[in-house]
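Participant: There's a structure below that I have some questions on.
The values are calculated or read from the model by the stated rules, or taken from the named source; none is laboratory data. Remember, predicted model here, so these are calculated numbers, not experimental data. When we count neighbours, we look across all protein chains shown, and the Cβ atoms used for this are built from the backbone with ideal geometry, even at glycine. Side chains are part of the model used for accessible areas, which takes the heavy atoms of the whole protein and leaves out ligands, DNA and RNA. Shrake-Rupley method; radii C 1.70, N 1.55, O 1.52, S 1.80 Å.
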Number of protein chains: 2
Amino acid sequence: MKLALEKGFYFPSCEIYADAPAGFWEYGPTGLKVKNKLIDLWRREIVRRDGMLEIDGSQIMSRSVFEASGHIENFTDPVIKCTECGSTFRADRLISERIGKDIPERTPNDEIDEIINSEGIRCPSCKGKFGITTRFNMMFRVEIGPSAEEAYLRPETCQTIFVDFPRVYKTMRGKLPLGIAQLGKSFRNEIAPRQSLLRLREFYQAEVEIFCNPSKLDSLPFFDELSNTTLRISTDGLSVEEVTTNEGLKGGLLPNKLVAYYLSILADFYSKTGIDMKRTRFRKLGENERAFYASIAFDFEVETSVGWLELVACNYRSDYDLRGHSTVSKQNLAVIDPSDQSKILPHVFELSMGIDRSIYAILEHSFYEDSEHDDRVVLRLKPYLAPVLVGILPLVNRNGLSEKSQIIHSELKREFDTYYDDSGSIGRRYRRLEQIGVPFAITVDKITLQDDSVTVRQRDTMQQERIKVSSLKEYLRRSLQTS
Amino acid sequence: MKLALEKGFYFPSCEIYADAPAGFWEYGPTGLKVKNKLIDLWRREIVRRDGMLEIDGSQIMSRSVFEASGHIENFTDPVIKCTECGSTFRADRLISERIGKDIPERTPNDEIDEIINSEGIRCPSCKGKFGITTRFNMMFRVEIGPSAEEAYLRPETCQTIFVDFPRVYKTMRGKLPLGIAQLGKSFRNEIAPRQSLLRLREFYQAEVEIFCNPSKLDSLPFFDELSNTTLRISTDGLSVEEVTTNEGLKGGLLPNKLVAYYLSILADFYSKTGIDMKRTRFRKLGENERAFYASIAFDFEVETSVGWLELVACNYRSDYDLRGHSTVSKQNLAVIDPSDQSKILPHVFELSMGIDRSIYAILEHSFYEDSEHDDRVVLRLKPYLAPVLVGILPLVNRNGLSEKSQIIHSELKREFDTYYDDSGSIGRRYRRLEQIGVPFAITVDKITLQDDSVTVRQRDTMQQERIKVSSLKEYLRRSLQTS
């Protein structure tokens, strides 16, 4: 956290102001590079790999959209307000803290009131009595134009995908199964935002909705490509079974080939982010835990210093969404499946990824204090996720070394993310680079002027090798390969 | 426009719903690729080239931010409401249409009332009388948390940059001049949004704020690199002078080296987008036209079928913003200029680019009906901006050509944007690719099976050459170079 604030990874929004609202964070120059590279990786390893179509839609959407999606009715948290000091709390959270047991956020209001009475729960601020439980809708409302038409900031990016599905399917000559992807912001008016990137009111989602023919969930053309992927599955939230995709299917841990295939794509993607896969699991959710639209649900979770953290919600939403939008818009959203010319309302399986949380987890899993070398702090980020790929350091600032270093720097900087640093001892400069995860440091020394070679130092091993300046680009390009 | 809708470039938001609000558009799969590639080009040719720092901040910001920025007071449009039917109009626009002369949007309300009376302007819908002019604030208001704290969706991305400046300057070891860049969404509650991407309520900006020492606007280290750039400048909105940057400075068309340098970077960037630079101009704005915070202003404009279109606002905002935020936040935002250790409140010059409009202009300037070849419709997009770089087409679907084509396709698809098409005659398939601007089409034929070569057809010349499959990647990579 200290590193994040001091090195430009992320920091609170509007921080110079006393009225800065909680739950809003900014990416600084270092963090933004990691974020953009993670998104590139997602595009390459999930979207392009599977031939998905990606769209980018508006964040403000009309009221009808959220009537159809169920968010106006269901996307609420239970709140209680102190009758004396007026403080407001999320009822389920406060109760969980008091009785030491999670209660579902969808527990009916009267049951919550009962628990508060029977447990004698009072306001933590003033010990006052609570009024009855009400529901607080977590969508942000906005008003459009002088006539103040009611609209909302979308609470999940996927609603755009559902509403745009008919046009995209038609104009892009779609075939089922068809993945439609979107990267963008969503907004949730959380009652109690949590620290830094973990529970934000404005956050990035990378969502994929796979539209499929529900009668063909077990005939998937590319399934074999991933059938030997390792998956770690937990059905009880405690123990984990490590199986291949094929074994998971045969043993009944996974419901069908389609779900199995996309969980495998996801696992393969995360194995390339540097997250320690031994500290991850797909947790199968019970009926009480699933979102209101999901009939099968797995959460992809990662173990961190704050416990198990959900990074991706994988939900089989069936035709819940298209049916809802069809009813409210009075449009027929059924399409032709070209494989057998049947007309169907597709079902949907989604991978709903939280980008900010993923970055948090990647940074934490990459963080390393090297006790064998002066407790140096190293972020062991993959080269293709590092904010800066290479530092360029003149050994000293005389004898023409700065000039030579500048030349090398300007040759590399349009293609790669580079950092030029000539201040302080070479050891301190190495430390600064290691802290933000720079995998390579080029040092320009006296020998460079003689034979046009530099030393390239590797962040993790600290080993150095001499490389010709003319081979640097190729060397760096190779390091960016993901497989 | 028809092409945009039919080929997945862009289309209206929430279009299946009757209550879809105007002024919101979506990027389809084809348009999104163009958008992302344009942003990559901006990063390479402006942000990286100049060594700027890029950040990514929240879209919702606290009320104080917009008190300080002046938006709560000044970011308003004059509106008039019909006393009979209740229709609301933007007063300045309605008057301009009636009297055939532009009136500034900042004309005082009583002057507007006077014009409406003296010209006898009545409601266009029902001929009713108008009430008096009022001001409509164009920011979208949102309420945060159960206590409904007042906040706003930012109307320009740069406010994030100003508010974050102190931390970014400090943690990233800043030196003046320092460019801080941001790509993101802004929101303006327009009273009358215009067609498609031209005046949106939710839109993308790519903004750069250059923080500088106002006493050093003529000492710029990299100035010479761009001093021979061609700039087309108009001071009266009618005639254009074409000069080099150096000539513009000497002749007094440009106020100082800093402004001259960044306008040159911008011109150089747009010359790489495929926009016809002969149909562009930097228009110097008069005092009445400038935004409320600008003391020098140039609009970069492009000639299109809807007239001259502003793509970038280039404003010298002086210390207006940092001073405002300093006053309201009661924080001292002055920094040390390391070059002479003086403590100053930096001035700001900005390049505020509209991404959506730029895409509109690029598409329009690339559109070409080839009267010599069956009126084929071609989008002559640069390869590095094309939604798809290469199409892969088996000449026929038998004799193993499909299988061979699929192999080539899967080798290329993770690195490049590809499109596989095996339906219809080869001529029709070429046409489909040309319409969305695909620069290359690979055809797999009988000879391919013999010597592992394919034909590569160029979109613009329609010429074909035979290339070995093993050389394809290098061939395609070379086409993506920007210079």
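Participant: Might you check whether a residue that is hydrophobic (A, V, I, L, M, F, W, C), more than 19 Å from B:VAL348 (Cβ to Cβ) and either open to solvent by 10 Å² or more (accessible area, probe 1.4 Å) or at pLDDT 95 or above (or both) occurs anywhere in the stretch B:251-266?
Facilitator: yes
Participant: Can I ask one more? Which one is nearest to the other protein chains (Cβ to nearest Cβ) among residues in the stretch B:185-227 that are of a type in the set (Gly, Ala, Ser) and under 25 Å from A:ALA148 (Cβ atoms)?
Facilitator: Out of the qualifying residues, it is B:ALA192.
Participant: A follow-up question, please. Can you pull out the residues in the stretch B:63-89 that are open to solvent by 20 Å² or more (accessible area, probe 1.4 Å) and of a type outside the set (S, T, N, Q)?
Facilitator: The answer is B:ARG63, B:GLU67, B:ILE72, B:GLU73, B:PHE75, B:LYS81, B:GLU84, B:CYS85, B:GLY86, B:PHE89.
Participant: Out of the residues in the stretch B:110-132 that are assigned to a helix (DSSP H, G or I) and in contact with a helix residue (DSSP H, G or I) (Cβ under 8 Å, 6 or more places away or on another chain), state the one that is surrounded by the fewest Cβ atoms within 10 Å (Cβ to Cβ).
Facilitator: Within the stretch B:110-132, the match that is surrounded by the fewest Cβ atoms within 10 Å (Cβ to Cβ) is B:GLU119.
Participant: Working only within the stretch B:164-204, note down all residues that are open to solvent by 10 Å² or more (accessible area, probe 1.4 Å) and polar (S, T, N, Q).
Facilitator: B:THR171, B:GLN195
Participant: Conditions: (1) out of contact with any strand residue (DSSP E or B) (no Cβ under 6 Å at 6 or more places or on another chain); (2) buried (at least 18 other Cβ atoms within 10 Å of the Cβ); (3) of a type in the set (Ser, Thr, Tyr). B:SER318 meets all but one. Number of the miss?
Facilitator: With (1) out of contact with any strand residue (DSSP E or B) (no Cβ under 6 Å at 6 or more places or on another chain); (2) buried (at least 18 other Cβ atoms within 10 Å of the Cβ); (3) of a type in the set (Ser, Thr, Tyr) applied to B:SER318, the lone miss is (1).
Participant: Further question on the same structure: Kindly provide the set of residues from the stretch B:5-63 that are more than 7 Å from chain A (Cβ to nearest Cβ), farther than 22 Å from A:SER326 by Cα and small (Gly, Ala, Ser), ordered by number.
Facilitator: The answer is B:GLY23, B:GLY31, B:GLY51.
Participant: Among the residues of the stretch A:319-361, which ones are at positive phi and modelled with pLDDT of 95 or more?
Facilitator: Selection gives A:LYS330 alone.
Participant: Which of the residues belonging to the stretch B:267-317 are polar (S, T, N, Q) and in contact with a Cys (Cβ under 9 Å, 6 or more places away or on another chain)?
Facilitator: none
Participant: Oh, and also: Give all pairs with beta carbons closer than 8 Å in which a residue from the stretch A:412-429 that is closer than 22 Å to A:ASP375 by Cα and touching a residue at least 12 places away in the same chain (Cβ under 8 Å) meets a residue that is open to solvent by 60 Å² or more (accessible area, probe 1.4 Å) and in a loop (DSSP other than H, G, I, E, B); count only pairs at least 6 apart in sequence or on separate chains.
Facilitator: A:ILE426/A:LEU395
Participant: Something else about it: Of all the residues that make up the stretch B:97-109, how many are free of Cβ contacts under 8 Å to residues at least 12 places away in the same chain and either open to solvent by 100 Å² or more (accessible area, probe 1.4 Å) or among the polar types (S, T, N, Q) (or both)?
Facilitator: 3
Participant: Also: So A:GLU26 ticks every box in (1) closer than 27 Å to B:SER64 by Cβ; (2) among the acidic types (Asp, Glu); (3) assigned to a loop (DSSP other than H, G, I, E, B) but one. Which box is left unticked?
Facilitator: It fails just one condition, (3).
Participant: Still on this structure: Give me the residue from the stretch B:65-99 that is under 22 Å from B:PHE211 (Cα atoms) and in a helix (DSSP H, G or I) and, out of that set, nearest to the other protein chains (Cβ to nearest Cβ).
Facilitator: Among them, the one singled out is B:VAL65.
Participant: Do any residues in the stretch B:124-137 that are among the basic types (Lys, Arg) have Cβ atoms under 6 Å from those of residues that are surrounded by 14 or more Cβ atoms within 10 Å (Cβ to Cβ), where the two are at least six apart or on different chains, and which pairs are they?
Facilitator: B:ARG135/B:THR76
Participant: Does A:ILE55 fit the bill of being hydrophobic (A, V, I, L, M, F, W, C) and assigned to a loop (DSSP other than H, G, I, E, B)?
Facilitator: Against the criterion (hydrophobic (A, V, I, L, M, F, W, C) and assigned to a loop (DSSP other than H, G, I, E, B)), A:ILE55 does not qualify.
Participant: For A:SER58, indicate whether it is at pLDDT 90 or above and closer than 30 Å to B:ASP164 by Cα.
Facilitator: The answer is yes for A:SER58.
Participant: Restricting attention to the stretch B:355-386, report how many residues are open to solvent by 50 Å² or more (accessible area, probe 1.4 Å), assigned to a loop (DSSP other than H, G, I, E, B) and within 25 Å of B:LEU476 (Cα to Cα).
Facilitator: The number of residues fulfilling the criteria is 2.
Participant: Please identify the pairs in which a residue from the stretch A:46-65 that is among the β-branched types (Val, Ile, Thr) has its Cβ atom under 7 Å from the Cβ atom of a residue that is open to solvent by 10 Å² or more (accessible area, probe 1.4 Å) and part of a loop (DSSP other than H, G, I, E, B), counting only partners at least 6 apart or on another chain.
Facilitator: Once the first residue is among the β-branched types (Val, Ile, Thr) and sits in the stretch A:46-65, its partners that are open to solvent by 10 Å² or more (accessible area, probe 1.4 Å) and part of a loop (DSSP other than H, G, I, E, B) give A:VAL65/B:TYR17.
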